[in-house]
Amino acid sequence: MMTLKIDGMTCASCAEHVRQALENVPGVRSAAVSWPNALADVAIDEGVSHETLAAAVRTAGYRARDADVPPRSAGQLDQAPGRARAGGQRSGDDGALRVAVIGSGGAAMAAALKAAENGARVTLIERGTIGGTCVNVGCVPSKIMIRAAHVAHLRQSSPFDAGISATAPVIDRSRLLAQQQGRVDELRHAKYEGILASNANTAVLHGAARFKDSHTLTVALTTGGQHDVSFDRCLIATGANAAVPPIDGLKHTPYWTSTEALASVTIPRRLAVIGSSVVAVELAQAFARLGSRVTILARHTLLFHEDPAIGAAVTAAFRAEGIDVLEQTQASKVAHIGSEFVLATNHGELRADQLLVATGRSANTSGLNLERAGVQLDGRGAIVIDAGMRTSAPDIYAAGDCTDLPQFVYVAAAAGTRAAINMTGGDGRLNLDTMPAVVFTDPQVATVGYTEAQAHQAGIETDSRTLTLDNVPRALVNFDTRGFIKLVAEAGSGRLIGVQAVAPHAGEIIQTAALAMHARMTVRELADQLFPYLTMVEGLKLAAQTFIKDVAQLSCCAG
């Protein structure tokens, strides 16, 4: 018999999870687990080690140690900064700050790990799959699909077809999907589930949380029943879901959001896409390159909120690939008749085998009972926060896509980290002045800082230059000069305040621009830097040089 102390159990259901995990270990005859006593009595065969049992418990989301080995003392915990409640009080049994985190995506994980690092006892609550949107149904699977589509495109069409024979590839979507999901599962386990299981200061609770009051959550457990979680600090990081426009008849049809599109085992012959922003354009091009005849319905133009030149460049690239881009087009009614979608639009009727709706995302804030905790929402249902991720309610913070922050996972993670710093007594702020953004079309779109229009709205006079890619040696030797790089400078000072790029690998260019802006460099200073020849990022230097000279009159690598 071996007796283990189990940390992290909060209810009888937790005890049952631990019992099942232990009894699945070869050599374990039986396990009796008590969550009130935090103990597990395990009947084992000779040769079963404590380490093997502890590993099984960690896999279940809890922590195991010898019953006679005490946890870290409150005094040890006190040595790390920032665990006192307001007024210096601590309410955990060991004196540690109790932090509840609702969600398990980028913001939630960053916050949970930072809070645990600072000595807090963290309970992370997830109602669905660990990992949130990005790893499961967003960034990771979409970029895998986009990359596969890019490879398919190059095999049938490239600037070198005269010397390299092109062959239309056979697309086996089921195998591509299996490969895609395999990598998703691998990353979720390595970067989310495994890290949580191995962290001694975190416990995972599976269920849907709602506020009972300003310092208590009630969790409807996935396994049945409910459990109350009291906290000193709480982070709401519940993410967002696809927003669906109120088009007549749409909700009665089997339309796709990005989630269904990425999980589809088939490539539809005809795909209609409602939407013109990031998700719409990325998936539209991916499906087109994998064999769909794609039509995009854009209410205005593609990527309407960006510099107009960006939408024009992407539209030209799409049309060159055979994608129909219908600008200033809206669907007023959708029906699913037989096996096809019928869309009534202001430019006539459109028929398709499948319909993808990609018109933005809405914050997941309903059902949380936020009014009970005093958490205020904006007009779109997103949680209102300050620069320190504090909500309107004392001791409650929020981060990620459920707030009014830009919906990028790296912004969510940065916000989650700063929220945890503030929850544990520090002072963290999130500055988005040089936040880069990338759209993974081909050519890619990458931006940072002000557009000309945004600068003028802010009362800043500008001086700008646009460099077409036929002036960039890397683009010339690639025989692919689609796109441009535009620099926006403050008039007078010449300080770089914005960059917009449409180019292959623009996403690899933009961070250099962001760092230059962070350093408050002028375009002349940027033009004087050394850039490696025959790289796309050299286009930044050339674009900066256009403020002071005619780059068409330079030799290939003139400094």
Stretch gain in nm, segment residue 243-residue 433, where the contour uses 0.36 nm per residue and the Cα spacing is subtracted: 65.7 nm
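Order of 269-279, 96-106 by packing, highest average Cβ count within 10 Å first?
96-106, 269-279
Let me know the volume per residue of the alpha-carbon convex hull for the range 393-475, in Å³.
Numbers: hull volume 13.2 nm³, N = 83.
Hull volume over Cα atoms, normalised by residue count, gives 159 Å³.
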Take the range 185-315, drop everything but the C-alpha atoms, weight them equally and run the Debye formula without solvent; then report log10 I(q)/I(0) at 0.10, 0.11, 0.18, 0.19 Å⁻¹ to two decimals. -0.59, -0.69, -1.05, -1.09
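Suppose every K and R has +1 on its Cβ and every D and E has -1 on its Cβ; what is the size of the dipole of the chain about the Cα centre, in Debye to the nearest 20? Numbers along the way, then the final one.
Values: 49 positive and 53 negative charges, 55 e Å.
Using only the charged Cβ atoms, the result is roughly 260 debye.
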What FRET efficiency do you get for residue 344 and residue 386 if R0 is 45 Å and r is their Cβ-Cβ distance, rounded to the nearest 0.05? 0.50
With labels modelled as points extended 7 Å from the Cα through the Cβ direction, what inter-label distance (nm, one decimal) is found for residue 263 paired with residue 20? 2.0
Between residue 397 and residues 5 or more places away or on another chain, the pairs with built amide H atoms under 5 Å apart involve 234, 235, 236, 391
How would you rank 17-27, 547-557, 451-461, 304-314, highest first, on the average number of other Cβ atoms within 10 Å across their residues? 304-314, 17-27, 451-461, 547-557
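Equivalent-ellipsoid semi-axes (√(5λ), Cα gyration tensor) for the range 324-427, whole Å, largest first?
On the way: eigenvalues 333, 46, 26 Å².
After scaling each eigenvalue by five and taking roots: 41, 15, 11 Å.
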What ³J(HN,Hα) values, in whole Hz, does the Karplus curve 6.51 cos²θ - 1.76 cosθ + 1.60 give for the range 448-463 when θ = phi - 60°, with x put for Gly and Pro? 7, x, 7, 7, 4, 4, 5, 5, 5, 5, 8, x, 9, 6, 10, 10
Largest first and in whole Å, give the semi-axes of the range 250-359's equivalent ellipsoid, each being the square root of 5 times a Cα gyration tensor eigenvalue. 21, 16, 12
Debye log10 I(q)/I(0) at q = 0.15 Å⁻¹ for the range 169-251, Cα point scatterers: -0.90
Quick one: of the DSSP bridges fully inside the chain, what percent are antiparallel, nearest 5? 65
Could you give the nm distance between label points at residue 549 and residue 456, where each point is 7 Å from its Cα heading toward the beta carbon? 3.1
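Note the direction-averaged projected area, equal to a quarter of the hull surface, for the Cα convex hull of the range 437-552, in nm².
Averaging across all directions leaves 6.6 nm² for the Cα convex hull.
Expressed in nm to one decimal, what extension gain is obtained for the pair residue 515 and residue 158 from 0.36 nm per residue of sequence separation less their Cα-Cα distance?
Working: separation 357, 0.36 × 357 = 128.52 nm, distance 3.31 nm.
Here the answer is 125.2 nm.
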Put a dot 7 Å past each Cα toward the Cβ at residue 29 and residue 468; how far apart are the dots in nm? 8.3
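Can you tell me the relative contact order of the range 437-552? Whole percent, Cα pairs under 8 Å, sequence separation 6 or more.
About 29 percent, as a whole number.
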If you project the alpha carbons of the range 2-67 onto their three principal axes, what span does each projection cover, largest first, in Å? 30, 19, 18
Which value, in Å to one decimal place, does the Kirkwood hydrodynamic radius take for the chain when every pair of different Cα atoms is included? 26.3
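Excluding same-chain pairs closer than 8 in sequence, count the lysine pairs in the chain whose Cα atoms lie under 23 Å apart.
On the way: 114/191; 143/191; 251/333; 486/541; 486/549; 541/549.
Here the count comes out as 6.
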I'd like to compare 393-399, 209-215: which one has the highest average count of other Cβ atoms within 10 Å, and what's the full order after that? 393-399, 209-215
Nonlocal amide H pairs with residue 199, under 5 Å, H built at 1.01 Å: none
For residue 483, other-chain or 5+-apart residues with amide H closer than 5 Å (H placed, Pro excluded) are 469
The extension gain from residue 493 to residue 191, computed as 0.36 nm times the residue separation minus the Cα-Cα distance, is 104.3 nm
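Just so you know, all these numbers are worked out from the coordinates, no wet-lab data involved. Keep in mind that what you see is a predicted model, and the values were worked out from it rather than measured. All Cβ positions, glycine included, derive from the backbone under ideal geometry; neighbour counts span all protein chains shown.
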